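Chemist: Handing you this structure, nothing more for now.
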Amino acid sequence: MRFWDFYALLLSAAVVNAENEGYRKFRNQHIIGEMSVNRCSAVIRSRHITKTGSNECKETNTFIVSPPNPVIAVCEDRGTSYGTMTRSVNPFHVIRCTLRNQQGRYPNCEYRGYASTRYIAVNCEGRLPVHYDGDIVLIDS
């Protein structure tokens, strides 16, 4: 494949991604390039992550510590059927953020983070991930 063909392919993929609201929400809530367990509260606050349609704090939120493309690949050729979801064939580093102040309201949500390595399970639409199920196969902690 020539460079310009490859560049056009990447550009068209970026356009498709930009048009998918479900994927944009998934990416905001679950994909991050770098993160440590002590950054849960700050990241969730900066991304305005709350329970859908409210200012209530989410009980848990899981971040997949990865660039977007390996996560997208789970919906393309790097995943296998897992009930109604698609499970990754390779494990990912994830950080699960659990709410510490149960009555908190955004932006005063405080979280504790836990790191692990897991196969991820996602719901795919149009070859893009739109929903994450964080409670699956644990590799190590």
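Since every read-out is calculated from the coordinates, none of them should be taken as a lab result. Keep in mind it's a predicted model, so treat the numbers as computed, not measured.
Chemist: Against the empirical 2.2 N^0.38 Å scaling, what ratio does the C-alpha Rg of region 28-141 come to?
Modeler: Relative to the 2.2 N^0.38 Å estimate, region 28-141 comes out at 1.05.
Chemist: List the residues, sorted by chain then number, that are 5 or more residues from residue 79 or on another chain and whose placed amide H is less than 5 Å from its amide H.
Modeler: Result for residue 79 returns 89.
Chemist: Using 0.36 nm per residue of separation minus the Cα-Cα distance, give me the extension gain between residue 98 and residue 110 in nm, one decimal.
Modeler: Residue separation times 0.36 nm, minus the Cα-Cα distance, leaves 3.5 nm.
Chemist: Given H placed on each backbone N at 1.01 Å, which residues far from residue 62 in sequence or on other chains put an amide H within less than 5 Å of it?
Modeler: Hits under the 5 Å cutoff: 97.
Chemist: How many percent of Cα pairs in region 86-137 exceed 13 Å?
Modeler: Counting every Cα pair in region 86-137, those more than 13 Å apart make up 65 percent.
Chemist: To continue, here is another question. Which whole-Hz couplings ³J(HN,Hα) result when phi for each residue of region 115-132 is put into the Karplus expression 6.51 cos²θ - 1.76 cosθ + 1.60, θ = phi - 60°, listed in order with x for Gly and Pro?
Modeler: Whole-Hz 3J(HN,Hα) from phi for region 115-132: 9, 7, 10, 9, 6, 9, 10, 10, 9, 10, 10, x, 6, 10, x, 10, 8, 10.
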